[in-house]
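The numbers here are math on the coordinates, done by the rules we state, and not lab data. Computed from a predicted model, the values in this text were never measured in an experiment. When we count neighbours, we look across all protein chains shown, and the Cβ atoms used for this are built from the backbone with ideal geometry, even at glycine.
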Amino acid sequence: MRKFWPVLIITLIFFSSCVDRKTSFLIGKWEEVPRVVEPSRFYIWTFKDDNNFTIETYAIDSTDGEPMAVNEGEYNLDRKSMEFRLTLELKQDMGGHPVNGEWWVDELDRTIFKMTRESADSDGNPFVRYEFVKL
């Protein structure tokens, strides 16, 4: 029984540090990889260390480099039953570009980030997957 407590404490410290490490990978600017043949817009997502994020929308043919729109929201990265989950909540809906809800973190490292929405939204839209590259 004496050996049980140190092993339990070390295990808890290890698993809690995994979430911190994944969060450190998430923080920064990510460019969303378009999933259509000829996109008219592209998105830059910025995750901050205060659990806030922004999504900047740009026109593909824009010459001034200014975003068309900037949306803000809050995120929470958690570990549930050996999987990382990302909860996103925008302050206002982006309309047609689903963001709000709980997402599976399929892959997250220093250069690539992939997430899949856990369920269809209330409008009946199917599962959504976003892929990003680090800027």
Cα→Cβ-extended label distance, 7 Å offset, between Arg129 and Glu74, nm: 3.1 nm
Quick one: pull the percentage of alpha-carbon pairs in region 64-135 with a separation above 21 Å. 31 percent
Calculated from backbone phi, Karplus (6.51, -1.76, 1.60) coupling profile of region 26-40 in Hz, x at Gly/Pro: 5, 5, x, 9, 10, 9, 6, 7, x, 10, 10, 5, 10, x, 9
For region 38-91, I need the span (max minus min coordinate) of the C-alpha atoms along each principal axis, in Å, sorted largest to smallest. 45, 25, 17
Vicinal HN-Hα couplings computed from phi for region 20-25 (Karplus, 6.51 cos²θ - 1.76 cosθ + 1.60; Hz; Gly/Pro x): 4, 5, 5, 4, 5, 5
If the chain between Asp49 and Asp61 were fully stretched, how many nm would it gain, using 0.36 nm times the residue separation less the Cα-Cα distance? 1.2 nm
